[in-house]
Amino acid sequence: MGRPAIHDIDTLLDAAVQLVAEHGPAGVTMSAVARAASASSGSVYHRFPDRPALQAALWTRTLTRFQAGLIAAMDTDPPRRAAIAAARHVVEWSRDHPAEARILLAGAREFGAATWPPAAVRASEQAQKRLEAALRGLGERLGDPVVREPNRLLIALVDLPYATVRRYLSAGKPIPTAAADLADRAVTALLD
């Protein structure tokens, strides 16, 4: 029986999150993650064969964690409250997880999406499809005119809340609690 792993995948990805917070996406390298996690390079390469695999895992884990709450919010009733809860989730999750929010704001391309392994590309595409399905479902529950203008819902639930948090995250400042109320009012205005 071998020794238990000291540096599991989550420990290494947590180190990568901190590197993004300190140095941006370019700071996530195999050697930087090893140093930040106090791990050997072999530990990193044992779990991720190369930098694109590491970057893909970081992106996918962050996106999955974020979307879990977003999609759960969209599945609540009544649908109008679900829309508001989803927009608030974007702001509140970003406030609670600023380093991870910076990953999502940077976008998959900044994390080398063009070089990801095929399985990672599929995982990212599946996450996008889950989000699109949840948005469609909420749009149908909200009814006309949202169904006729599906981009309105995407703008209300994702784009505007991200715009609200972007200025704070870009400046390295904490997101104020009142930012969730702004997202709430923006969704209400767009749905009316």
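The values are calculated or read from the model by the stated rules, or taken from the named source; none is laboratory data. Just so it is clear, the structure is predicted and the values come from calculations on it, not from any experiment. Positions of Cβ are backbone-derived with ideal geometry, glycine not excepted, and every protein chain shown enters the neighbour counts.
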Got a sec? Which helices (runs of 4 or more DSSP H) wholly within region 83-192 have at least 2 residues that are farther than 19 Å from Thr64 by Cα?
118-142, 150-154, 160-171, 178-191
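Which residues, counting only those in region 22-63, are under 25 Å from Ala87 (Cα atoms) and modelled with pLDDT under 95?
The first filter runs over region 22-63 and keeps only residues under 25 Å from Ala87 (Cα atoms), leaving 58-63.
None - no residue of region 22-63 is under 25 Å from Ala87 (Cα atoms) and modelled with pLDDT under 95, so the list stays empty.
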Filter region 155-177 for residues that are over 13 Å from His89 (Cα atoms) and among the small types (Gly, Ala, Ser) and give the result.
Ala163, Ser170, Ala171, Gly172
Quick one: in region 62-78, which of the residues that are part of a helix (DSSP H, G or I) and without any contact (Cβ under 8 Å) to a residue 24 or more places away in the chain is farthest from Leu13 (Cα to Cα)?
Ala73
Of the residues that make up region 111-120, is at least one crowded, with 16+ Cβ neighbours inside 10 Å and closer than 26 Å to Pro174 by Cβ?
yes
Any residue at all in region 61-71 that's under 18 Å from Ile155 (Cα atoms) and β-branched (Val, Ile, Thr)?
yes
Name the pairs whose Cβ atoms lie under 6 Å apart, with the first residue in region 106-120 and in the same structural domain as Thr62 (by TED's automatic domain parsing) and acidic (Asp, Glu), the second part of a helix (DSSP H, G or I) and buried (at least 16 other Cβ atoms within 10 Å of the Cβ), and 6 or more positions between them or separate chains?
Glu110/Pro25
